[in-house]
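> Below you'll find the structure I mean.
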Amino acid sequence: MKTIKFYFVSIFILLLICNFQIFKSRNLQINQFPKPNYNFSKNPLDSLKIELGRKLFYDPILSQNNSTSCASCHSPYAAFAHNDHDLSHGIYDSIGPRNAPALFNLAWHKFFMWDGAINHLNPQPLAPIHSQTEMGSSIKEVLGKLRKDSIYTFNFKKAFGDTQITSDRFLKSLAQFQLTLVSNNSKYDSVKRKKSEFTLQEKNGYKLFVKHCNSCHTEPLFMNHSFANNGLPIDKTLNDFGRIKITQNLIDSLKFKIPSLRNLTYSFPYMHDGRFSNLYQVLNHYANDIKTSTYIDNRLQGGIQLTENEKVDLIAFLLTLNDKEFMRNKKFQFPRN
Amino acid sequence: MKNLTILFLVLFYNLDSQNLDFNINYGDELLTLDKKYYSEKIKDSIEINTLKFYISNIKYYKNTIKTSWIQNPIIVSLNENKTSINTLDEFSQFDSIGFDLGIDSITNVSGDMNGDLDPIRGMYWTWQSGFINFKLEGKSKACQTRKNIFKYHIGGYAFPFSAIQSMGFKLYHKNNVDIVLDIKKIVDSIDISSINEIMSPRKEAVDISKIIAKSFSIENY
């Protein structure tokens, strides 16, 4: 009797552990990161849905003339940004108003887009699908095409149990793939895990980073979910005033979302309009070009004091935020099977 | 077998559903889409081509205590001839009814797109997250716009431009309940020659949402 009891208790504990493991992977708990902002209980991660989302992410069927996929402007080799273009271009080579941001660690974001126009990862793809300079289509048109495609009806059935292709299922699958794009294996991360060490130069750069940059680009995600006016003069050819378009509040004029600093080497050019093509230009802006003005973020008034040597050290640190493992991860690449 | 039939009858009696009907009027008559009406206020003709809105959080009260609640948002659409909401409740039991015109902020930030929240229904802004609570489109020569079109896409969930409106009506222990929405009241209360295109959350949208709320009434007989 006692042994039976023992077996039952052990099986129970084992089940509990297994359950906890599944729970953990379905919720993207990362040890060094804070709790994700995404509510996984409404869309628990599932390998078949992730795979379906990946197929959709790389499929130009999402655009009106089947030419442009999500990956056209969010390419895996650019940390899912659109490198080498100041302003990203979509369907019929139309130039959009902004530089497509890099995609990673999206479960931790509270807002999407440079002006925070989108409040949740699920509805986010509706914006590019409907935009005339991005995919030029509509959710209705996209679902219509997917429903006629026998491979998609099969894949939706595999992932959801029946062949119904709805907006909700489509958007949740796309969200699932994007949620798996976690970047947490840079040199910085391995230093934090005590598996590696900074060089002297990187260490000095890190000190400068903590002193001058961390209040906006906050560790360990290197962002702080907010918007700031970082002193960039307005580009008169675009007249993009950022966050004010959404809130219509004057204090939000020229404020843009503070982006993460991970994977900078791959995601150039920088800023919402891609005006800087390298990190020296970015640091020169912060060190030399910021005027004192009531509209510019308080932390940047008068600019950041950096010597030429300090700029080099700071960049050496920023390069430790490149995540090669993230860039090489086959699960994130174009699905070849 | 007889017992089973009785059981079924009892079950069906209890589940007896009742419709909450929306009568969309233009003044004293039922509104017909695409029909020209003469407006004394603008001294010209006016026609309505699109009318759709969200009703959510339908609540019934008995002695001021909430006794029944349908939370799922439902689209009422004259274009789709969908002007009844199945409520599964006997109105005669209750003293009052309340509902929201629009979608609350919690639903707006939840990422939920099931049922009537499906963006395919054309009641969601794609470039900026948010449901359109109330959509009214039409034509009038008073509007100096392309093809004289006016468009009121009323929505917004965030401070200070929240455009959701809560309403409550007394019930008089009668069986039939019709909610009446008078479109004439709305268009007569807006200066359509100057405000004729609203397609984002802003102050004018909040003002119009208040006008719309005042244009609802109840017929309980």
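> With the requirement that a residue be in contact (Cβ under 8 Å) with a residue 12 or more places away in the chain and either of a type in the set (Phe, Trp, Tyr) or over 22 Å from residue B:215 (Cβ atoms) (or both), what does region B:125-147 give you?
Matches in region B:125-147: B:125, B:128, B:129, B:130, B:131, B:134, B:141, B:144, B:145.
> Another question about this same structure. What are the residues in region A:238-257 that are closer than 19 Å to residue A:274 by Cα and hydrophobic (A, V, I, L, M, F, W, C), if any?
Of everything in region A:238-257, those that are closer than 19 Å to residue A:274 by Cα and hydrophobic (A, V, I, L, M, F, W, C) turn out to be A:238, A:241, A:254, A:256.
> Among residues belonging to region A:124-142 that are buried (at least 19 other Cβ atoms within 10 Å of the Cβ) and of a type in the set (Gly, Ala, Ser), point out the one that is nearest to the other protein chains (Cβ to nearest Cβ).
The residue in question is A:127.
> Pick out the one residue from A:144, A:116, A:96 that is free of Cβ contacts under 8 Å to residues at least 40 places away in the same chain and touching a strand residue (DSSP E or B) at 6+ places or on another chain (Cβ under 9 Å).
On inspection, the qualifying residue turns out to be A:96.
> Output the residues belonging to region B:183-201 that are over 18 Å from the mean Cα position of the chain (by Cα) and surrounded by fewer than 17 Cβ atoms within 10 Å (Cβ to Cβ).
The answer is B:191, B:193, B:194, B:195, B:197.
> Which residue is farthest from the other protein chains (Cβ to nearest Cβ), if the candidates are limited to region B:86-111 and must be over 25 Å from residue B:168 (Cα atoms) and surrounded by fewer than 20 Cβ atoms within 10 Å (Cβ to Cβ)?
Only one residue fits best here, namely B:110.
> What are the residues in region A:246-276 that are free of Cβ contacts under 8 Å to residues at least 24 places away in the same chain and either within 14 Å of chain B (Cβ to nearest Cβ) or part of a loop (DSSP other than H, G, I, E, B) (or both), if any?
A:247, A:248, A:249, A:250, A:251
> Something else now. Taking residue B:76 and the conditions (1) within 15 Å of residue B:22 (Cβ to Cβ); (2) within 14 Å of chain A (Cβ to nearest Cβ), which numbered condition does it fall short on, given that it satisfies the others?
(2)
> Continuing with this model, one more query. Take the residues in region B:24-58 that are under 24 Å from residue B:177 (Cβ atoms) and of a type in the set (Gly, Ala, Ser), then tell me which one is surrounded by the fewest Cβ atoms within 10 Å (Cβ to Cβ).
B:27
> Counting only residues that are over 16 Å from the mean Cα position of the chain (by Cα) and either hydrophobic (A, V, I, L, M, F, W, C) or within 16 Å of residue A:256 (Cβ to Cβ) (or both), how many does region A:199-226 have?
6
> Among the residues of region A:179-220, what is the count of those that are of a type outside the set (A, V, I, L, M) and assigned to a loop (DSSP other than H, G, I, E, B)?
Going through region A:179-220 one residue at a time, the tally reaches 20.
> So, in region A:286-315, of the ones that are in a helix (DSSP H, G or I) and touching a Lys or Arg at 6+ places or on another chain (Cβ under 9 Å), which residue ends up nearest to residue A:264 (Cα to Cα)?
Of the residues in region A:286-315, the ones in a helix (DSSP H, G or I) are A:286-289, A:298-300, A:308-315.
Subsequent filtering for residues that are touching a Lys or Arg at 6+ places or on another chain (Cβ under 9 Å) retains A:287, A:313.
On the way: A:287: 19, A:313: 15 Å.
Of everything passing the filter in region A:286-315, A:313 is nearest to residue A:264 (Cα to Cα).
> Output the residues belonging to region A:85-99 that are touching a Gly at 6+ places or on another chain (Cβ under 9 Å) and either in a loop (DSSP other than H, G, I, E, B) or closer than 22 Å to residue B:124 by Cβ (or both).
Correct list: A:85, A:86, A:87, A:88, A:90, A:91, A:94, A:96, A:98, A:99.
> Pick from B:150, B:161: which is at the interface with chain A (Cβ under 9 Å from one of its Cβ atoms), free of Cβ contacts under 8 Å to residues at least 60 places away in the same chain and over 17 Å from the mean Cα position of the chain (by Cα)?
Of B:150, B:161, the one residue that is at the interface with chain A (Cβ under 9 Å from one of its Cβ atoms), free of Cβ contacts under 8 Å to residues at least 60 places away in the same chain and over 17 Å from the mean Cα position of the chain (by Cα) is B:161.
> Return yes or no: is residue A:195 in the same structural domain as residue A:64 (by TED's automatic domain parsing) and under 30 Å from residue A:30 (Cβ atoms)?
Taking the combined requirement at face value, the residue does not satisfy it.
> Six or more apart or on different chains, Cβ atoms under 6 Å: show the pairs whose first residue is in region B:202-221 and of a type in the set (Val, Ile, Thr) and whose second is outside any strand (DSSP E or B).
Final answer for the pair search is B:206/B:161; B:206/B:163; B:211/B:186; B:211/B:189; B:212/B:186.
> Let me ask you something else. Considering only region A:143-178, how many residues are in a loop (DSSP other than H, G, I, E, B) and within 14 Å of chain B (Cβ to nearest Cβ)?
3
The values are calculated or read from the model by the stated rules, or taken from the named source; none is laboratory data. Quick caveat, the model's predicted, so the values are computed rather than measured. Cβ coordinates were reconstructed from backbone atoms using ideal geometry, including for glycine residues, and neighbour counts include every protein chain displayed.
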